[in-house]
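Have a look at the structure below, then the notes.
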Amino acid sequence: MKPVVELVEKELAAFRELRLAHPSLFPDNNRLYPIPFFGDIRRAEVVTLALNPAHNEFAPSRWPSNEGHGSLTPVGLANRLLGYFHSPKNPPHRMFNKCQNGLSALDCSYRQNVAHIDIHSFPTKFADEMTQVEKDLL
């Protein structure tokens with residue numbers, strides 16, 4: 001578990017730094033967190049890949065504020081991400097349903113042996129919401 005927590009801790013620090021330096025890259029949402037992976041990356045036999053986490057994943061009913069009391073610690077975020085596909089309270093983002101259909105043909109599942117990573121772990125604005133200058137920062 002230690003390497004996973006260390007990864008999450010580094011991602012949190014880099015995310016905070018980028019968000020302070022370039023706030024216009026991110027939607028106005030105090031529930032955003034970096035997502036280096038979804039699912040149990042330690043046991044995955046298959047990994048799916050996408051560009052970056054959708055900022056609409058971070059709805060108030062799904063994620064705590066990332067500021068002050070109640071925000072997720074590195075250990076808390078790591079646990080949340082490792083168990084992402086098993087949460088009865090927060091079902092996975094709808095994007096994963098599309099991937100799961102193809103994975104089923106391979107007898108694979110996010111609940112069993114698949115994890116997901118993004119090329120960029122920060123939930124920025126969608127590309128069509130950014131200026132060219134903002135896109136160039138990434």
statement: Cα-only Rg/Rh for the range 34-138 with Kirkwood Rh rounds to 0.98
- request: Compute the acute angle (0 to 90°) between the alpha-carbon long axis of helix 2-21 and the principal axis of greatest extent of the alpha-carbon atoms of the chain; round to the nearest 10°.
  value: 30
message: Tell me which trypsin sites (Lys or Arg not before Pro) from the range 92-138 have a DSSP coil assignment and no more than 14 other beta carbons within 10 Å of their own.
response: ARG94, ARG111
statement: Computed for the range 2-128: size of charge dipole around the Cα centre, +1 on C-beta of each Lys and Arg, -1 on C-beta of each Asp and Glu, debye to nearest 20, value 260
query: Hey, what angle do you get for helix 95-105 against the long axis of the chain, alpha-carbon based, 0 to 90 degrees rounded to 10?
result: 20
Under Karplus coefficients 6.51, -1.76 and 1.60, residue-wise ³J(HN,Hα) of the range 40-56 in Hz, glycine/proline x: 7, 4, 5, 10, 5, 9, 9, 10, 9, 9, 9, 6, 7, x, 6, 5, 6
- prompt: With θ set to phi - 60° and the Karplus curve 6.51 cos²θ - 1.76 cosθ + 1.60, what are the ³J(HN,Hα) couplings of the range 72-80 in order, to the nearest whole Hz, using x for Gly and Pro?
  reply: 6, 7, x, 5, x, 5, 4, 5, 4
query: So who's got an amide H within less than 5 Å of the one on THR48, skipping anything under 5 residues away but keeping other chains? H placed 1.01 Å off N, in plane.
result: ALA115, HIS116, ILE117
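Readers should treat all values here as calculations from the given coordinates under stated rules, not as data from a laboratory. The shown structure was predicted, so the numbers you read here are calculated from the model rather than taken from an experiment. No Cβ is skipped: glycine too gets one built from the backbone with ideal geometry, and neighbour counts run over all protein chains shown.
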